[in-house]
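Worksheet: the structure to be examined is printed underneath.
The values are calculated or read from the model by the stated rules, or taken from the named source; none is laboratory data. What you see is a predicted model; the values in this text were computed from it and never measured. Reconstructed Cβ throughout: ideal geometry from the backbone, glycine too, with neighbour counts over all protein chains shown. Surface areas here come from the heavy atoms of the whole protein model, side chains and all, with no ligands, DNA or RNA. Shrake-Rupley method; radii C 1.70, N 1.55, O 1.52, S 1.80 Å.
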Amino acid sequence: VPDIRWIPGFGLDREMDWLRNMEDWMISKKRYWGLALPIYHCAKCDNFEVIGSETELKERAVEGWETFEGHTPHRPYVDAVKIKCSHCGALVSRIPDVGNPWLDAGIVPFSTLHYRHEKNYWREWFPANFITESFPGQFRNWFYSMLVMAAALEDTEPFQTVLGFATLLDQNGQGMHKSLGNSIPFDEAAAIVGADTMRWLYMNHAPENNLRFPRIPSHAEAAEARAQGQPPRLSDLWMQARSALDKLWNVYSFFVTYANIDEFNPLTRRLPVAERSDLDRWALSELAETVRKVTERMEDYDAEHATAAISTFIEDLSNWYVRRSRRRFWKAEEDVDKVAAYLTLYECLATLTKLLAPFTPFLAESLYQNLTRSVDKQAPESVHLADWPAFDEKLVNPRLRDETALVMQLVNLGRAAREQAQIRVRQPLATLYVTTQTDAERESLGRLAEQVLEELNVKRLEALPHDSDMLAYTLKPRRSTLGPKYGKRLPALLTAIARADAHDAARELRATGKLTLTVDDGEPVTLTADEVDVEAGAREGFVAAEERGYVVALDTTLTPDLLAEGLMRDLTHFVQDARKKAGLAIEDNISLWLAADEELGATIKRFAATIQDETLARDLTVSAGEEPHGAPADAYHETIPAAKLGSHAVTLALVKR
C-alpha cells in the first residue's frame, strides 16, 4: 500500500486505518447481479457443496453446461448448470445469492486479463497505472478488495496511482437519494445545462472536496422557457461554471464571422511567427505555455489545474488578444497585419480544441469539425483521433510575457480607478500617472504606453514617483491574521499602526517587504506585507488604485473637448446598437441620418469622419429638429433620450447601402 500513489495524499492514511481496524465484510447479497457464489445446496438431504473451479463445475455438471459455456460466472447462465448431490444423488441447483459486488470488482485484474492461462500477457497489463472512484466508500470496498486479491494471489499492489474524489451533494449540501426526492437524473441535467458544462464544473473542482450541484431549472421552468423559444435560465453558479466555455464560444464566433466574410483559408496563407506583431507573438507564447502546463498537469492526473490553465488562456485570449486585435480584422483583405491576426487566432483556437477534448468532448468536436476538418479533409476525422499538441519552446517569449503582464495589471488598476470615480471608459480623460517597481519596467512602459492609453481611453501617460504629494497612503491591518498571532497585544499593535506615518511605512514595505513598529510596551514588532495592506489614494481631482506597489492615478478633470469626445463615443455606441437591432451584418455599410439640437449637431459634424468610420456609414446627414431630414420611410428609426446622451436627445435613422 505505501508504494501506491494516493491522490489526495490522505487517502493512504484512511486506507491504512481501515486495514488496521477493519470490521467484518459482508461477503454475500441477495441481488441478481454479482459474482455467483459457487455453493450448491441439496434440499433433499441438506448437503452443501462448494465448487472450486470452472473445470470442476464442468466435470460435475449433469445439466445446462451448454447454456453456460463461454459466459462469465454470472446469472442467468451459471444458474442453468445442475450437479448431482454427492450424498444422495439428487439434482442440485446453485443457491440464488451472489457475492458482494466489490468482491467481483476486486478480481477484475485477474478475471479479465487471462491470469490463469496467459501469465505473460497478464503481466503486460498488471498492475494498473491508474484507477479512480469516489473515495468515501471505496477505501473499504473496491480499493480494499483489489488490494486484498492482489496481496493474496501475487503479494503485490494492484495499481500504481489511485485518485479518490469526494461526494456530489445537492444545492443544500445533502446527499442525493431517491428516497429524499433530491436526486437528479443525469439525462435531465444534461438536457438543461449540457453534458460538457457538467464535466467542466467537475474538472474545475478540487476532487478531495465535496461538490454542491448548483440548482437547475425545474421541468416546468424549462418547458416554459422552451415554449417561448428561449433556453432555460441558469443560476449564477452555472453561469460562473461555464464562463470560460462561453468566452471561448464568443471568440470562436468572432473568428468564424470575419473568416467567412473574407473567405479566409488558413491552409493557403503563410506568415512566419517572427514577422508577426508583438501581440501575435505574445498570444502564441502564452499558447505554448498553456500546452506545457496542461500536459504536465494531465500527466500528473491533475485535471483541476489543467482546466485552470485553459481558463486563464481563454480569458486572456478573449479580453486581451481579441479586443486588442479587433480593428485588425477590419483592414484590407491582403493586409499583412490582418493575415497575421487571422493565422494567430486560428492557431490558438485549433490548439484549444485538442486541449479541451478530454474535458469537453462534444464542444471540442464541434469546434474541430468547423475549424479544422472543414478546411483540411486530410486531417484526422475527429479531434479525438488527432495528436495531442506538442510544446514548442521556441515560441515562448519571457520578455513579451512579462511586459504584457505589466500592461494588463496597469490597465486593470486603471479600470478600478475609473470605477471608483464612476467615470465610464467611453469618456476620455486627460492624464494617467503610473508608478512602477523597477527601472526595467519603467523602460518597458515607455514603449508600451500607447497600449495602456488605448485600453483606458486616456490622452497622456506620465511617471509618478512613490513619494509624490499627489498620493496619500493608508495602512490596513489584516486583523484575521494578526489576532491569532499577537493575541492580547493586538489593540496596542493596531494603535501603533494607526500612529505610523503611512508614507514612510509604504516606502519601507516596498523596499524590504517588512515594517517594524514600536508598540506601547516598548517591544518592536515586525510585520510583513501579508499582515498589513497599503492602500493608495489621491488628492482632490484625482483618483488612484494600488496593488502590490503598483499605483495608477487618473486626472478626473473633464474639459469641454473631453466631454464632446465622450459624447461622440456614446453616440457611436448607440448607432452600433441600432445596427444590430436593424438586423444588419457586421460588414454591411449604411447610410446614416442624425437629428439633434444645434449644439449637439455642431459636435456631430466635428466628429463626422470618426462616426462614419466606426459605424461603416458611407454617408452621414445631420439635421436640426426631432426628425432626421431626408431619411426614407423604411429606414430603421430610433430616438436616444437626453438622459442617456449628456442631456441631448438624438433621433437616428439608418438603411443598408
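Out of the residues in the range 618-648 that are touching a residue at least 40 places away in the same chain (Cβ under 8 Å) and of a type in the set (Gly, Ala, Ser), state the one that is nearest to ARG424 (Cα to Cα).
Ranking the candidates gives GLY646 first.
Read through the list (1) touching a residue at least 60 places away in the same chain (Cβ under 8 Å); (2) within 30 Å of TYR121 (Cβ to Cβ); (3) open to solvent by less than 20 Å² (accessible area, probe 1.4 Å), then give the number of the only condition that PRO8 fails.
(2)
Please work out which residue is most open to solvent (accessible area, probe 1.4 Å), limiting yourself to the range 484-512 and to residues that are out of contact with any His (no Cβ under 8 Å at 6 or more places or on another chain) and of a type in the set (Lys, Arg).
Step by step, filter the range 484-512, then rank; the result is LYS488.
So, in the range 428-478, exactly how many residues are open to solvent by less than 70 Å² (accessible area, probe 1.4 Å) and within 30 Å of THR495 (Cα to Cα)?
10
Within the bounds of the range 363-384, is there any residue that is within 30 Å of GLU450 (Cα to Cα) and open to solvent by less than 30 Å² (accessible area, probe 1.4 Å)?
no
Which ones in the range 580-596 are over 18 Å from ASP613 (Cα atoms) and part of a strand (DSSP E or B)?
ALA595, ALA596
Considering only residues that are under 15 Å from TYR202 (Cα atoms) and assigned to a helix (DSSP H, G or I), look in the range 299-308 and name the one that is most open to solvent (accessible area, probe 1.4 Å).
HIS305
Among (1) open to solvent by 60 Å² or more (accessible area, probe 1.4 Å); (2) in contact with a His (Cβ under 8 Å, 6 or more places away or on another chain); (3) modelled with pLDDT of 90 or more, where does TRP33 come up short?
So TRP33 meets the others, but not (3).
Starting from residues that are in contact (Cβ under 8 Å) with a residue 60 or more places away in the chain and aliphatic (A, V, I, L, M), keep the ones in the range 136-187 and report whichever is least open to solvent (accessible area, probe 1.4 Å).
So the residue we want is VAL162.
Count, please, the residues in the range 229-254 that happen to be more than 11 Å from the chain's Cα centre (by Cα) and modelled with pLDDT of 95 or more.
Total meeting the criteria: 6.
Select from the range 67-94 the residues that are aliphatic (A, V, I, L, M) and either buried (at least 16 other Cβ atoms within 10 Å of the Cβ) or at positive phi (or both) and list them in ascending order.
VAL78, ALA80, VAL81, ILE83, VAL92
So if I check each of THR615, THR572, THR559, THR610, which one is of a type in the set (Val, Ile, Thr) and more than 39 Å from the chain's Cα centre (by Cα)?
Checking each option against the conditions leaves just THR559.
Among (1) part of a helix (DSSP H, G or I); (2) in contact with a helix residue (DSSP H, G or I) (Cβ under 6 Å, 6 or more places away or on another chain); (3) exposed (fewer than 13 other Cβ atoms within 10 Å of the Cβ), where does ASP577 come up short?
Unmet for ASP577, out of (1) part of a helix (DSSP H, G or I); (2) in contact with a helix residue (DSSP H, G or I) (Cβ under 6 Å, 6 or more places away or on another chain); (3) exposed (fewer than 13 other Cβ atoms within 10 Å of the Cβ): (2).
Looking only at the range 118-135, which residues are open to solvent by less than 50 Å² (accessible area, probe 1.4 Å) and either of a type outside the set (A, V, I, L, M) or under 14 Å from GLY11 (Cβ atoms) (or both)?
Listed by number, the residues that qualify are TRP122, PHE126, PRO127, ILE131, SER134, PHE135.
Just one of the numbered conditions (1) open to solvent by 50 Å² or more (accessible area, probe 1.4 Å); (2) at pLDDT below 95; (3) within 16 Å of the chain's Cα centre (by Cα) is not true of ILE261; which one?
(3)
Scan the range 190-207 and give yes if some residue there is exposed (fewer than 14 other Cβ atoms within 10 Å of the Cβ) and of a type in the set (D, E, K, R), otherwise no.
Within the range 190-207 (the criterion being exposed (fewer than 14 other Cβ atoms within 10 Å of the Cβ) and of a type in the set (D, E, K, R)), the answer is no, since none of the residues qualifies.
Does VAL375 satisfy the criteria of being β-branched (Val, Ile, Thr), touching a residue at least 60 places away in the same chain (Cβ under 8 Å) and in a strand (DSSP E or B)?
no
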